[in-house]
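Reviewing the structure listed below.
Each value in this text was obtained by applying a stated rule to the coordinates, not by laboratory testing. Just so we're clear, the structure is a prediction, and the values are computed from it rather than from any experiment. Neighbour counts are summed over all protein chains in view; Cβ atoms, including those assigned to glycine, are modelled from backbone coordinates with ideal geometry.
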Amino acid sequence: MKRQRALEKTIEATLFGAAAVSVLAVILITVFLFQSGLPLFGKVKVSEFLFSTDWAPTAATPRFGILSFIVGSFSVTGLSLLFAVPVGLAVGIYLAELAEKKNSRLIRSAVELLAGIPSVIYGLFGIAVISAASRTLFGGSGYSVLSAAIVLAIMTLPTIINVTEVSLRALPRELKEGSLALGATEWQTIGKVLVPAARSGIVAGVILGMGRAIGETMAVLMVGGNAPIMPTGLNSMVRTLTMNIITDMSYATGDHLTSLFATGIVLFAFILILNLGVQLILKRTISQVEGAAGA
Amino acid sequence: MPDTKSHGRRILQQKAAFAAIRGLSILTIAILALIIGFIAWKGLRFDRETRSTVLPFAEASPKGLAIVVNRESALEVVEAPVLLGIYTDEYINWSKISGEDTDLLPVAVDPATPEGAAARDLVFGAGAAEAIAWGGLVEFVPSPEAALEKVRTTPGSIAVLPHEALRDLAGIATVSLRRLSVVASADAMALVENRQVEDMDDVEVARLVSGGVPSWAALGGPELAVAPIAPPAGSPLEAAAKAAGQKPAGNPAIDMAGYLAALAGAKGGVGLAFAEDLVAFARSGEEAVALANGEAPSLAPLTRRGHERGWNLSLRYLVEEPRLSGRVGGISTIILNTFAMLILTLLIAAPLGVAAAVYLIEYAKQGPLVRILRLGTETLAGIPSIIFGLFGMLFFVDILHFGFGLLSGCLTLTLMILPTIVRTSEEALKSVPRALREGSLALGATKLQTIAKVVLPAAAPGILTGLILGIGRAVGETAALLFTMGSDYKLATGLFSSARALSTHVYLLFAEGISFDRAFSTATVLILIVLLFNVAAKRLVGRMGRNAAA
């Protein structure tokens, strides 16, 4: 009996160890990233790193300014959300409220597949179709903020669709029935009651999609043009934080290498802030729902 | 009544809104179909623009001769200028000709024999034998039989033989020859006021040769009337031209020997010629003297623009090893590496993820500890792959000294897909009814026995779905693998050997500018694997749903 208990204890400890791997990994990632990137700030001022657009890591007097890449990341991501949010919302509403079973199954499969397509394949598609179309329509090289944003929009679409659908489905039935009983049309109910009620879940989904988009590397690398300049317009080439890391990684040494890890820290910080935002919003929603149920 | 009016407007509004929503939903499916369809189409078929000085018309038995290669060769058609290059050391390897990484061995029958002389005339054109510069690679054999034997036994060899010497086709393959060229006199081809005759497509070639184009200016050349000169009546050239679908106008009474000289002498002359005759003409007395004096050659072949279409993704591509960075060969080792990577990742990630889920559902008490563990999983799920790549490089590659290799790559992937596996396993465990656990415990089973023999089997389909979703994500990963698993395209021999996965191969084929066609072919294979995993996961979910319903 005692041996049995000891065995149970060991197994529980082992299982706990497995459950702790994720937390441990997050801690290790944070520690190593900071350890490798922070030394840069002994040589370069944080403000200069973040707010200068002068990126010349291999010059005689190397200069490390990543503002262009921060702006690049956010402009590409923002623009992609501009495309993805309306479409994602519409498809989410369709799946949750309008679609017959057969249609919704078809669309859901399509959305799942879109989510499963590897990012290099999006990149390849982007080069051959989107960049080529942009080249003929708007001139230039076709590798631009716009092309990257369109590819990213397609990639973030599944996240936004899924979260919208789930948030709408989670709403209590009474909400919809009440509105319909008051004589509102179905569309009024959706637009004025259901979507506002599911707002926080949808916002969380959009932020989640934004996190995915900011962290995306391969697809934007292949269609963004990767010129280390401040993007001046939709048709301008762009380099994002992720592209900056992967482009130079294969040959960088010394301070240059450290600066790439520092770029990683900035990216990591943005992602953590976005994730924290999602957690907070979802937590507030849950307590709101619970509070409403209690009252 | 104002009320019905506004009601009507609202209904109209609703109709418009729903139509827009339906339209956008269909757009999603259309985008997916476009992406998959486009990649698959480009992956399966290639369509390249080609430029060549010979027409696509191919002869199986030019001048009663046959070109033979070793059975291993993929070569089916050869252009006369390439054949000449093969016998003059312009090529030492098949990679630029047929995409094979095999050394080239040109075999020639002794030109002193009649058979050898005929073969020589097909390659170099007729004329003074002493002016011919054979390549140093060429291996001379005494008879057609000996040449056939050499070709049969040596991969990468090629020979030109009389057609009747081919009694036994075992071990060899015949290759047809493209040697029909369109030639123009030097004045038509000259660069005048920055204008020169442009490359032309098949339609333009046919019109030009049949006299349908009045002036060279129409083709970007000088203001000069086109003077089409037809081949001698009854000559093999005329027969070939007819067979190639060309309709040369006129019927001048000249013989073959005078034909090229007439072409060269005509103002704005254009006509058809065999490539080897052009070579011989260029070697001939007058031309050589003219060239030695720094004059332009008096005859030049026109360049034809065409499209080459064919199958891209062949069985050959799947089963051959990649060579020369994937320029030639296939992707067999890369497919094997990818599956080795997936299996190893699964071996590490599956027990870890399932154990974590079991702890969270079956053991842990709700509280701050569980909240921290969940937060860890959530955070890990949100970290972008490039950060995983950086971490893997720092930790697994450098600090743990695993180096760039399978193990580092798989450990990095494990961390990436762990959240997916933990979350789906948790859901699966949660969906196992309490009654099952309680029944088992009531029968006297320990908690451990209950979990191992009752709960886990009941949750198995859900857990499996999570595993499949996880490796579905792993198979498409590139950014995290570039700096952890390396990019060696040879078969991985151990945990520490650098290995290239399919997704990395797609990226590198594009990034190193090796081949777009090959990138698309590899991408098609990758998409097929992803689709396979997707269907498998769906099947499992479907079965789980039925089980739950029952």
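Side notes on the structure shown:
- D by Stokes-Einstein for the range B:410-467, Kirkwood Rh over Cα pairs, 25 °C, 0.890 mPa s: 201 µm²/s.
- Net charge, A:S109 excluded, C-beta distance under 14 Å - Lys, Arg +1, Asp, Glu -1: +4
- Shown for the range B:35-115 is the translational diffusion coefficient from the Stokes-Einstein equation, using the Kirkwood radius over Cα pairs, a temperature of 10 °C and a viscosity of 1.306 mPa s: 103 µm²/s.
- Global form of the protein assembly as shown, assessed from the alpha-carbon gyration tensor, a/c cut-off 1.5: prolate
- Partners of B:K365 within straight-line reach, counting aspartates and glutamates whose Cα lies under 20 Å from its Cα and excluding those fewer than 8 residues away in the same chain: A:E8, A:E12, B:E378, B:E426, B:E427, B:E438.
- Neighbours of B:T504 by Cβ distance under 13 Å: Lys/Arg scored +1, Asp/Glu scored -1, total -2.
- Cβ-derived FRET efficiency at R0 56 Å, A:A133 paired with B:E130, nearest 0.05: 0.40
- Taking one quarter of the surface of the convex hull spanned by the alpha-carbon atoms of the range B:434-525 gives a direction-averaged projected area of 9.0 nm².
- Principal axes of the range B:344-408: Cα extent on each, largest first, Å: 40, 22, 18
- Counting only residues at least eight positions apart within a chain, or on another chain, the lysines with an alpha carbon under 30 Å from that of B:K267 are B:K242, B:K247.
- Additional length obtainable on full extension of the chain from A:R173 to A:L234, 0.36 nm per residue less Cα span: 17.6 nm
- Put simply, the amide H of A:F64, placed in the peptide plane, has neighbours under 5 Å in A:A56, leaving out anything fewer than 5 places away on its chain.
- Only helices enter the 222 nm calculation for chain B: every DSSP H run of n ≥ 4 contributes -39,500 (n - 2.57), and dividing by all residues gives -16500 deg cm²/dmol, rounded to 500.
- Comparing A:G183, A:G209, A:G225 in a Gaussian network model of chain A (Cα springs below 10 Å), the most mobile by mean-square fluctuation is A:G183.
- Partner chain coverage, peptide B:495-505 - average Cβ within 10 angstrom: 1
- With neighbour counts taken as other beta-carbon atoms within 10 Å, the residues A:E174, B:E145, B:E204 rank, fewest first, as A:E174, B:E145, B:E204.
- Helix-only [θ]222 nm of chain A, DSSP H runs n ≥ 4, -39500 (n - 2.57) each, per residue, nearest 500: -23500 deg cm²/dmol
- Only lysine pairs 8 or more places apart, or on different chains, with alpha-carbon atoms under 29 angstrom apart are counted in chain A, and they number 7.
- Here the simple spin-label model places points 7 Å from the Cα toward Cβ, and for B:D488 and B:R309 these points are separated by 4.3 nm.
- The range A:2-42 - Kirkwood radius from inverse mean 1/r over Cα pairs (Å): 12.6
- Estimated Rh, chain A: Kirkwood, alpha-carbon pairs, angstrom: 21.9
- Comparing A:V206, A:V151, A:V21 in a Gaussian network model of chain A where C-alpha atoms under 10 Å apart are linked, the largest mean-square fluctuation is found at A:V21.
- Most mobile of A:R108, A:R199, A:R173 in a GNM of chain A (Cα contacts under 10 Å): A:R173
- Pairwise Cα distances in chain B exceed 42 Å for 48 percent of all pairs.
- Shielding score for B:136-142, defined as the mean number of other chain Cβ atoms within 10 Å: 0
- In this structure, the amide hydrogen of B:V141, modeled 1.01 Å from its nitrogen in the peptide plane, lies closer than 5 angstrom to those of B:A108, B:V109, B:D110, counting only residues at least 5 positions away or on a different chain.
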